[in-house]
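First the structure, in the form of C-alpha cells, and then the observations on it.
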Amino acid sequence: MENLILSAPKYGWCSFHLADEEKEFTAALSYLTDVMHDTLKMCLTYLQTGAAAVMYDREGEGTFLFVMSEYDVYVLDENLPGGMVHFENLRADDICENILGCYYADTIGWLNFANMNEQSKKEYEKGETAEVHGMVKEIRKLLNERTGKKSKWTEIRCDFFDEEEKRWLVAAWKTGNDNEEGEVIAKISESG
C-alpha cells in the first residue's frame, strides 16, 4: 500500500482511497464527521480487540462503513453493486500504519478538520487534541509490539509553528512522560 488512504484535508473535505491489486474504492469525505479522530479510534479499537469500524459522511451522497478485522477489510456502501467491496489483499495493520502516515502528513490540518469555527477550535484544543495525541501514541506502541519494529520515539507531533523561523517544528518524545521535554527532530517550511 503505497499511497495514503486519506488525502490532506482542505476546505472541510478530504479524499478516501482504498485499493488492492483487484479492487478500488474512492469517496470524498466531509467535515460533518471528524474523519481523522474517528479513523484513529477505529485503528486503536482494532489493535485492542481484533475488529473495528468507522462510518464516514459524504454529505449529499450518504454514508459508508469501513470495517477491519484481523482477517478482512470491507467497505459497506448501499450505493455499490452488491452493497460492499471486500479487500482480500489488504492487512489491517498496514492500514493503521498508513493512517498514522496520513495524520503525520498534515497534523494541524487534521486537528482543525472538523472544527470550522473559533469556538469549536478552542474546545477541541482543550480536550480532543490531547485525546488524538494519546491515540496516536497508543497505536504506534501497539503496532510496534505486533510487528516487532522499534523506534526510539514514543510520540511525534507537528503542532507548533515558529513565527521567527517561519517553519513548523516536528517534536518527538522518547518516554511520553509529561515531564519530558520534546526534542525537535525536523523543521518544515511553510510551503511544506
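The values are calculated or read from the model by the stated rules, or taken from the named source; none is laboratory data. None of these values were measured; they are calculated from a predicted model. Because the Cβ atoms are built from the backbone with ideal geometry, glycine has one as well, and the counts that use them run over all protein chains shown. All accessible areas refer to the heavy atoms of the entire protein, side chains included, with ligands and DNA or RNA removed. Shrake-Rupley method; radii C 1.70, N 1.55, O 1.52, S 1.80 Å.
The set of residues in segment 81-92 being open to solvent by 80 Å² or more (accessible area, probe 1.4 Å) and either touching a Ser or Thr at 6+ places or on another chain (Cβ under 8 Å) or touching a residue at least 60 places away in the same chain (Cβ under 8 Å) (or both) consists of Glu88 alone. Only one of the numbered conditions (1) in contact (Cβ under 8 Å) with a residue 60 or more places away in the chain; (2) farther than 21 Å from Cys158 by Cβ; (3) among the aliphatic types (A, V, I, L, M); (4) not in a helix (DSSP H, G or I) is not met by Ala8, and that is (2).
Among the residues making up segment 16-27, those that are touching a strand residue (DSSP E or B) at 6+ places or on another chain (Cβ under 6 Å) and either assigned to a strand (DSSP E or B) or among the aliphatic types (A, V, I, L, M) (or both) are Phe16, His17, Leu18, Phe25, Thr26, Ala27. Among residues of segment 65-80 that are open to solvent by less than 60 Å² (accessible area, probe 1.4 Å), those with a Cβ under 6 angstrom from a residue that is β-branched (Val, Ile, Thr), sequence gap 6+ or separate chain, pair up as Phe66/Val54; Phe66/Val75; Tyr74/Val67; Val75/Val85. Among the residues of segment 104-140, the ones that are open to solvent by less than 40 Å² (accessible area, probe 1.4 Å) and at pLDDT below 65 come to 3 in all. Inspection of segment 33-51 identifies no residue that is assigned to a strand (DSSP E or B) and of a type in the set (Asp, Glu).
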